[in-house]
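The values are calculated or read from the model by the stated rules, or taken from the named source; none is laboratory data. Just so it is clear, the structure is predicted and the values come from calculations on it, not from any experiment. Glycine gets a Cβ as well: all are built from the backbone with ideal geometry, and neighbour counts include every protein chain shown.
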Amino acid sequence: MTTDDRTAPPPAWGPMAAVRASVHSTSMPSEPVIEPVPVSDASLDAQLLALFFDRVPMGVAVFGTDMRLQRCNKTWTAFYAHYMGVPAEYTAPGRHAFELMPGNEDDLVRLFEVALAGQVLRQAAQRIVVDDLETYWDVVFAPLFADGKVVGVVDIITDATDRVLAFRRLEDRISAFTRIAAGMTVDQPLEVTLREVAAAVKRTTAAVGCAVLAWADANADGPVAYVDAAAGDGYPAALVAMWQQVRPAVTDAAALPRLEVHRGFRGGALADERFAVLHGYWRDGGWDDLVVVPLTSQGRGFGELYVFLPDGYRLAEDDEAYLTALADQAAVAVQNASLFGTAAQNATLMERQRLSRELHDSVSQALFSMTLHARAAERHFAAAGLAPDAPAAAEVAKLRELTAGALAEMRALIFELRPGALAEEGFAAALGKQAAAMAAREQLPVEVVAPTERVALAPAVEEHLYRLALEALHNALKHAGASRLRVTITAGDSTVSVVVDDDGIGFDPTVARPGHLGLQTMRDRAAAIGGTLRIDAAPSKGTRVTVVAPTA
């Protein structure tokens with residue numbers, strides 16, 4: 001990027017997108033301003049007061065006890081001009097505080113009540129919203145006295161908007177890094193991680209859109225594009241088609257620039273037939289400039305991060321560092337997926353096989369033996385005439401139930417550990433074993449209703465449906481407070497549906513839950529096999545999760 005790219009400050013970010021100018025602090029000019037000061041014969045106190053009132057980087061306003069403005073300094077007026085685009089007459093004496101800051105009546109009453117009671121109130125980052133324009137101010141509200149009585153209120157404010165938004169942006173970016181890093185440490189599909197990267201860029205920068213293109217994933221046949229959720233369904237495929245035509249893969253990271261900025265890229269691309277496949281998506285895209293950041297790790301290129309910026313936006317140095325760091329994380333995610341897909345799986349299969357064999361030969365046999373002994377003890381008690389509800393008989397019955405539940409749990413665990421078990425028995429049988437284990441452990445009914453014959457499914461479909469149904473069951477057990485769970489598997493000519501019902505407390509699926517990846521992971525699993533996921537839920541009305549997928 002050239003030096004010219006950083007000459008202008010970045011425009012408003014996030015909730016301040018409607019600001020007419022830069023969010024950089026309006027309290028002081030960014031460049032030195034030298035003004036002549038007329039010679040004064042006034043007293044030193046009067047000169048200090050005039051200097052304080054007219055020259056300090058704070059807004060100062062004096063109100064009467066009726067909350068009407070009596071006078072204000074130039075800085076106070078300038079704040080209104082900067083954020084609201086109003087003329088100086090807007091802050092003319094006589095205007096009520098409610099007129100000056102409509103929609104903030106409750107906060108204003110609280111501030112004025114303290115000062116009118118003869119007390120001083122100081123508060124950092126007081127939020128003021130006018131016409132959906134959100135600003136923050138460090139405020140001092142203090143009483144003015146005459147003859148021992150409060151006769152007015154002075155309001156001293158300093159613009160804290162830039163500081164608050166900078167902290168908010170930093171927190172959002174740290175949160176984005178945390179979410180992406182967390183996704184890389186669990187069994188999360190690569191597409192989930194890369195879509196989160198794209199969504200994080202759009203959420204935490206001024207980008208209109210973002211896409212990640214990965215070409216070095218060993219689990220994919222070719223390059224794959226991942227975009228934020230607002231993009232059209234055909235957009236990823238169109239990006240891949242464009243890239244294959246105009247931009248060859250570069251595996252040597254040393255040959256890649258760390259960050260490229262293409263000014264006016266959209267206009268040129270719309271006039272270039274090589275980008276025709278994307279013209280329909282880009283014609284009304286609302287962006288003009290393109291930033292390309294390579295995904296590199298250990299000297300190798302794994303893909304590219306595309307950031308679409310509005311015309312005139314200038315990346316600050318911290319923006320560049322942030323995008324580069326996100327691209328590095330995305331590269332590690334692609335590299336990890338490639339390594340896990342080729343080597344890690346082979347390294348774990350033998351260990352899983354050993355564990356399943358040892359658990360079967362030792363713990364399972366011991367649990368089975370305990371179950372038999374408990375049943376024999378119950379028969380002896382019955383033969384001796386001991387009532388079933390007698391303390392000793394009840395304890396033995398409880399022991400038998402516990403060992404039976406533990407045995408079901410162990411069998412489900414062995415099934416999970418045994419390589420190829422799902423392919424051998426089918427996901428309906430697998431769910432049946434998991435349901436039995438859950439029912440024994442949680443002491444509530446978990447029913448699986450499935451066709452008597454095994455449903456013929458492609459291996460990938462079977463795996464994702466199994467994991468998706470388990471996720472829905474675990475969510476219900478953990479959060480729903482249900483008294484029963486039911487899984488219904490229905491096979492059609494070319495599709496299969498899996499429905500997970502519970503009678504729990506339900507929830508509002510439209511409410512975002514940052515940091516909770518379960519529902520999004522389920523959606524991604526359904527999409528990965530060309531299926532659809534539907535969640536019907538409402539508070540106090542239970543939850544139904546329905547996934548429909550093609551059988552092949």
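Yes or no: the stretch 90-108 includes at least one residue that is in a strand (DSSP E or B) and touching a residue at least 24 places away in the same chain (Cβ under 8 Å).
Step one: filter the stretch 90-108 for residues in a strand (DSSP E or B), giving 96.
Okay, now just the ones that are also touching a residue at least 24 places away in the same chain (Cβ under 8 Å), so 96.
Yes, the stretch 90-108 contains a residue that is in a strand (DSSP E or B) and touching a residue at least 24 places away in the same chain (Cβ under 8 Å).
From the residues in the stretch 433-480 that are small (G, A, S), at pLDDT below 85 and out of contact with any Asp or Glu (no Cβ under 8 Å at 6 or more places or on another chain), which one is nearest to I505 (Cα to Cα)?
Per the criteria, the residue is A439.
What number of residues within the stretch 134-153 satisfy the criterion of being surrounded by fewer than 17 Cβ atoms within 10 Å (Cβ to Cβ) and touching a residue at least 40 places away in the same chain (Cβ under 8 Å)?
The qualifying residues number 3.
From the set of residues in the stretch 287-310 that are of a type outside the set (G, A, S) and modelled with pLDDT under 85, which is surrounded by the fewest Cβ atoms within 10 Å (Cβ to Cβ)? Let's see the steps before the verdict.
Going through the stretch 287-310, the residues of a type outside the set (G, A, S) turn out to be 287-296, 298, 300, 302, 304-310.
Checking the rest, the ones that are also modelled with pLDDT under 85 come to 298, 300.
Details: Q298: 9, R300: 16.
Result: Q298.
Name the residue, out of Y313, Y322, that is surrounded by 15 or more Cβ atoms within 10 Å (Cβ to Cβ) and assigned to a loop (DSSP other than H, G, I, E, B).
Numbers: Y322 fails: assigned to a loop (DSSP other than H, G, I, E, B).
Exactly one residue qualifies, and that residue is Y313.
Could you tell me whether the stretch 163-180 includes any residue that is at pLDDT 85 or above and outside any helix (DSSP H, G or I)?
The answer is no; no qualifying residue exists.
Where the second residue is buried (at least 22 other Cβ atoms within 10 Å of the Cβ) and of a type in the set (F, W, Y) and the first is more than 20 Å from L309 (Cβ to Cβ) and at pLDDT below 85 and lies in the stretch 191-205, which pairs have Cβ atoms under 7 Å and are six or more apart or on separate chains?
Pairs found: E191/Y226.
Right, S40: in contact with a helix residue (DSSP H, G or I) (Cβ under 9 Å, 6 or more places away or on another chain), in a loop (DSSP other than H, G, I, E, B), more than 27 Å from A321 (Cα to Cα) and at pLDDT 70 or above or not?
On the way: in contact with a helix residue (DSSP H, G or I) (Cβ under 9 Å, 6 or more places away or on another chain): yes; in a loop (DSSP other than H, G, I, E, B): yes; more than 27 Å from A321 (Cα to Cα): yes; at pLDDT 70 or above: yes.
Yes, satisfied.
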